Structures are given as C-alpha cells and as structure tokens.
Ligand SMILES: *Cc1c(COP(=O)(O)O)cnc(C)c1O
C-alpha cells in the first residue's frame, strides 16, 4: 500500500490541495487506500482513484441545471445571477472600495453605487436602503416604525412564505402588536379606518405572492389606504421595480409608490433576478429612520451582495427576465431538436408542450407556455445525482425536463447528461 505522504505528493493532488484544501484531498486519499486494502482497488491505482473522487468545487454547493419549470425555485437558490453580476462579485471579492473614497482617501458611504443604481431604477423613491432579505426589511421596518405600537394588517394577508416562515410571527417578534382587520376573504376600507388610531405604527399591505383567493373576495388597494393618514408600507414580495406586462397581477415598486405607499419592501432574488437582498424604498424620513436604527447594522449586506445588486440593476437583462420572456415557439424547437437527437441514440424521449411557473417568488396562478423533453421516470435519479446535476419534475410516470429556465447555450450539456445515463 503506498504511503499517504507519497500519494499526496502526486502533482495532481498537490494542485488539488491548493484549490480545495489539504484536508479534503487527504480524505480522498485515505478513502482510496481503504478501498485498496479491502481488495476493491489495485494499490497502484490509489492516486488515480483519489483524483477521481475529489469534489468538483471548493464548497459543497454545486451548480445545478434547473429543468423544473419553476423559474424562481427557493430550493435551487432562487434567481441565477447574470454574467455581469458574477463578474462584479468576483471583482469585489478581494479588498475593495466598498466604504472608501479612492479620490480623497476618506471613508465613504457604504454601497453607494448600489444605492444610486436602485434610486435611479425607481425615481419615485425618495430614498433607498438594502438589507439581507425581505424578511430583514420587514423586521427593520416593524422595529423602527412600530415597536411597542400596532401594525394594522388584513386577515387575508397573514402569509406563510414557505418552510414554516410566517410573516405575522416575524412582525410580532419585533415587539410590535398586530391589529388584524377584516376577514380571510374580505377586508374593506372601513375595517382599516376603524382600526387606525394613536397606537398605529403603520398599515401593512402584504402581497399574497404564493396563493390566490378566489370567489367572494375584497381587499383595499394601496391608493385607498394612503388616505388613512398613517404610513402605508407595501410588501410587494417579488421585487419587480416597474410594471411587467407579462405579469399584470404582480405589484411593482414604482406603481406602489406612485399609488401612495410610503415605503415598499421587496426581495432581491425573485423577479428582480439579483442576489439575496431586501430592498426598502420610499419616503426619505422613513427610510432614514430604518437605516439609522441600531438593528440596521445587524442586517447590513456584504460587499459581494452590493456588487451583484448594482450589476443586476445597471446591467443587461437577467437570466430570470430572459426565462420569463423566452419565446415558447423557440423552446418547442429546442425540445424537438434535443428529443430528436436522443431518440436517434435509442432513448425513449419525446418533445412535449410544458407549463412553467414563476414559482413561490411571485405571480401565483400564472402559467407560462413552455416545452419539455419527456423521458422515462427512471432517468430522474441518475440525472439529479450526475455532474452537472439536472433537476426536472416527475409527472404521470414520466420525467419532464422543462427548457424555460435553461439558456439555449446549455442544451449540449443537457444532451450529454441524458446520454450519459445510458440504457
Ligand atoms: C418572498 C417574500 C418574503 C420573504 O422574502 P425573503 O427575501 O425570502 O426574506 C416576504 N414577503 C413576501 C410577500 C414575499 O413574497
């Protein structure tokens, strides 16, 4: 059995230790030696086996091809960053002037480039602030504007976002009290009017971003709420900054502010298509109260987030935007071409029409016409556990690989992955 030190001196493993860390490489060597000792491997093949078993990336997070048909999939990291955002993130990763003015040599406002880009994107906002995610934005607003006081909210908007995360619980955790008004299906202006008083911190309007209530329903829009004479905060969820014609039911920051919202909160990594972040936009005095609250420091974003957010706001169309606007006819052509190549290779593959969705990140009930490759269900596990992992969805005993969230230049990888599963 070759000694561990001797195997670790293999130039491929020396290089790998520089990239992945020595402990990871040593672990692969020890496991290969164990296999050899048990007779599963020739002792001369230990180094080769260790090289083959090395993890592909320095962290355990792996890039995945999302063929679920869900564009903003929380389990798959929500929005993929644009190439511009990735480049900006890499540039900011080392020492960077995030809080420093290179011209004067003095301290400067942290993240001013990202704040400026956000303010430009939504001119109706008097000021902007960025925190870790929308949940953090809500915590900050509730703490700064309503701790010890009341947040007036409709019973139809007491939302659970997912994985047990409930917005009402989050709000109450700040020391604010909820003043629930109306009913699950109907809330009127009079309900709000009767609840607003000296104890009111603000009225909160939450966009039900992952469910629809249909039938005998009624709710009050931001424009009407602004007549109540107390601050109106609109949690729009998905982070659309301006109207998206394809998603007419999805609120956007500019429209909410123009309708009279005093503050808007939103996520950065849903339909905005950027990094995980929470956006606060609106009346200057209220944004300042939030930004100056001691809690703001605990919720502040990292330089990598600021870089990615600024590039997302200024840069070219994001992958989420491109997936949303992908032409269904072209998706069908790609699916047909891929299924044709697979069928030629003897795979039971067909191109089928698909239905994609924005996902928990927004636009509940909206289906986007799409196209998919239909395969036998037994392909699901090997594709998911392959490299790169390809994640589809199983429906009616078939695995559907939906193309809407896949850029066209990755079709070759999809083809190779399916062919790699073999008969
Ligand atoms: C997604 C969502 C949140 C939570 O946002 P995070 O950025 O995940 O913290 C809050 N409110 C609404 C309406 C949402 O859709």
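The values are calculated or read from the model by the stated rules, or taken from the named source; none is laboratory data. Since the structure is predicted, the reported quantities are computational estimates derived from the model, not experimental observations. Using ideal geometry, Cβ is built from the backbone for each residue, glycine included, and neighbour counts are taken over all protein chains shown.
Here's the yes/no breakdown for (1) assigned to a helix (DSSP H, G or I); (2) within 14 Å of the ligand (Cβ to nearest atom); (3) surrounded by fewer than 19 Cβ atoms within 10 Å (Cβ to Cβ):
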position: 245; (1), (2), (3): no, no, yes
position: 250; (1), (2), (3): no, yes, no
position: 272; (1), (2), (3): no, yes, no
position: 276; (1), (2), (3): no, yes, no
position: 279; (1), (2), (3): no, yes, no
position: 286; (1), (2), (3): yes, no, no
position: 290; (1), (2), (3): yes, no, no
position: 296; (1), (2), (3): yes, no, yes
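Does residue 358 meet the test of being under 19 Å from the mean Cα position of the chain (by Cα) and either farther than 27 Å from residue 241 by Cα or assigned by TED's automatic domain parsing to the domain that holds residue 238 (or both)? No; evaluated as a whole, the condition is false for this residue.
Checked against (1) more than 17 Å from the chain's Cα centre (by Cα); (2) within 12 Å of the ligand (Cβ to nearest atom); (3) more than 15 Å from residue 205 (Cβ to Cβ), residue 233 meets all criteria but (3).
Can you tell me which residue among 146, 137, 195 is within 17 Å of residue 282 (Cβ to Cβ) and away from the ligand (no atom under 16 Å from the Cβ)? First the steps, then the outcome.
Working: 137 fails: away from the ligand (no atom under 16 Å from the Cβ); 195 fails: within 17 Å of residue 282 (Cβ to Cβ).
The unique qualifying residue is 146.
Without any contact (Cβ under 8 Å) to a residue 24 or more places away in the chain and in contact with a strand residue (DSSP E or B) (Cβ under 6 Å, 6 or more places away or on another chain): is that true of residue 103 in this structure? Can you show your working first?
On the way: without any contact (Cβ under 8 Å) to a residue 24 or more places away in the chain: yes; in contact with a strand residue (DSSP E or B) (Cβ under 6 Å, 6 or more places away or on another chain): no.
So residue 103 fails the test.
Among the residues that make up segment 127-139, is at least one of them crowded, with 17+ Cβ neighbours inside 10 Å, in contact with a strand residue (DSSP E or B) (Cβ under 7 Å, 6 or more places away or on another chain) and under 16 Å from residue 201 (Cβ atoms)? Within segment 127-139, one or more residues are crowded, with 17+ Cβ neighbours inside 10 Å, in contact with a strand residue (DSSP E or B) (Cβ under 7 Å, 6 or more places away or on another chain) and under 16 Å from residue 201 (Cβ atoms).
Return yes or no: is residue 396 in contact with a strand residue (DSSP E or B) (Cβ under 6 Å, 6 or more places away or on another chain), outside the structural domain of residue 247 (by TED's automatic domain parsing) and at positive phi? Taking the combined requirement at face value, the residue does not satisfy it. If the condition is being crowded, with 20+ Cβ neighbours inside 10 Å and in contact with a helix residue (DSSP H, G or I) (Cβ under 8 Å, 6 or more places away or on another chain), then segment 399-423 contributes 399, 401, 403, 404, 405, 406, 414, 417, 418. Looking across segment 158-169 at every residue that is touching a helix residue (DSSP H, G or I) at 6+ places or on another chain (Cβ under 8 Å) and buried (at least 16 other Cβ atoms within 10 Å of the Cβ), the one that is farthest from residue 267 (Cα to Cα) is identified as 158.
Any idea which residue in segment 298-329 is surrounded by the most Cβ atoms within 10 Å (Cβ to Cβ), counting only those that are in a helix (DSSP H, G or I) and without any contact (Cβ under 8 Å) to a residue 12 or more places away in the chain?
In the first step, residues of segment 298-329 are kept if they are in a helix (DSSP H, G or I); the result is 298, 303-314, 319-324, 328-329.
Going one step further and asking which of them are without any contact (Cβ under 8 Å) to a residue 12 or more places away in the chain, we end up with 298, 329.
Working: 298: 12, 329: 10.
Filtering segment 298-329 for residues that are in a helix (DSSP H, G or I) and without any contact (Cβ under 8 Å) to a residue 12 or more places away in the chain, the one surrounded by the most Cβ atoms within 10 Å (Cβ to Cβ) comes out as 298.
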